[in-house]
Amino acid sequence: MTVELEQTRRPRAEKAAGKTLKSAVPKGSARARWRFGLWVPPLVTFALLGIAWEYVAHSNPFVIPPLGNIVESITNDPSAYGNNLLVTLKEVAVGGGAAVVLGYLLAVLMCEFKILERALMPVVMVIMVTPVIAIAPALVVAFGFGMLPKYIVTIIVAIFPILINSLAGLRAVDPGTLDVLRVVDASRWEIFWRLRFPGSMPFFFAGLRIAIPFAIIGAAVAEFVAAGEAAGLGAMVSIAASQANLEVTWAGISMFCALGLLLVAVLTLLRRRILWWDNHGRAPK
């Protein structure tokens, strides 16, 4: 009798499970609608902005140049733009990379040792609210006319999103899991490696998404303000603006935009690969 009941229930359960799986898998039309809704609105917005830009450029040629002239300026001298882009990219990589390492290390130390947070957080707040554009000339006086002041300016601008986000992530662990690890006498390193580190990664990547544009802003500000080597996109834009060369000025600005979009896109791909278990907002395949 039991066997007969089991044989009757099993097909029903399999049928119900099949319905559940079918409803969970997005249909092709749903994916198409999602992709349409993802790409079309920004493309339409950029197209409208391009039309408005062309209208203003042809009405006021001494304010902004036409888009074709900007593209022509880049294609006529690609080596100059490429060399300056590499200088700015180096500043972003060195300064931004140092900011990421120092920011996360400080967050770990502040999370583990409360006294360090009480001692350092006021200093962090003072530096964070001080306009970096006022610090840059003083850094040139202190560290010379080389690249070091530009790296330091980039670090100062980019370190705070990493520090604040990582500190919040390191503390946002599950209290029950933390209690269990303490009950089994887990060491401080084991608690960090098995609980705090993986739990802080979503916050860390959220901080990275803010820090990367900030690093580009820091590099640009350093090139604008810090005297010394007149290289980099910021120096190119500054010199071109002083000469009223609109094409080069806006070409340099567009290179900044392209660099920022490229780095954020790479970061998004890395996050999906590394934090595959936390892709709540990921698109249906």
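What the table shows:
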read-out: Residue check, Pro131 touching a Leu at 6+ places or on another chain (Cβ under 7 Å) and under 24 Å from Phe256 (Cβ atoms); value: no
read-out: Val157 being modelled with pLDDT of 85 or more, under 21 Å from the mean Cα position of the chain (by Cα) and either of a type in the set (A, V, I, L, M, F, W, C) or closer than 19 Å to Leu208 by Cα (or both); value: yes
read-out: Val184 vs. criteria farther than 21 Å from Glu91 by Cα, modelled with pLDDT of 85 or more, β-branched (Val, Ile, Thr) and open to solvent by 20 Å² or more (accessible area, probe 1.4 Å); value: yes
read-out: Flag if Met128 is without any contact (Cβ under 8 Å) to a residue 60 or more places away in the chain and open to solvent by 70 Å² or more (accessible area, probe 1.4 Å); value: yes
read-out: Residues satisfying the stated conditions in the range 134-170, i.e. open to solvent by 60 Å² or more (accessible area, probe 1.4 Å) and either touching a helix residue (DSSP H, G or I) at 6+ places or on another chain (Cβ under 6 Å) or aromatic (Phe, Trp, Tyr) (or both); value: Phe143, Phe145
read-out: Residue within the range 250-261 that is of a type outside the set (D, E, K, R), surrounded by fewer than 21 Cβ atoms within 10 Å (Cβ to Cβ), under 17 Å from Val94 (Cα atoms) and out of contact with any Leu (no Cβ under 9 Å at 6 or more places or on another chain) present; value: yes
read-out: Failed item, numbered, when Leu246 is tested on (1) under 23 Å from Leu38 (Cβ atoms); (2) open to solvent by 30 Å² or more (accessible area, probe 1.4 Å); (3) at pLDDT 90 or above; (4) touching a helix residue (DSSP H, G or I) at 6+ places or on another chain (Cβ under 9 Å); value: (1)
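The values are calculated or read from the model by the stated rules, or taken from the named source; none is laboratory data. On a predicted model such as this, the values are computed, not experimentally measured, just so you know. So basically every Cβ, Gly included, is an ideal-geometry build from the backbone, and we count neighbours across all protein chains shown. The protein model used for the area step is the full one, side chains on, heavy atoms only, and it has no ligands, DNA or RNA in it. Shrake-Rupley method; radii C 1.70, N 1.55, O 1.52, S 1.80 Å.
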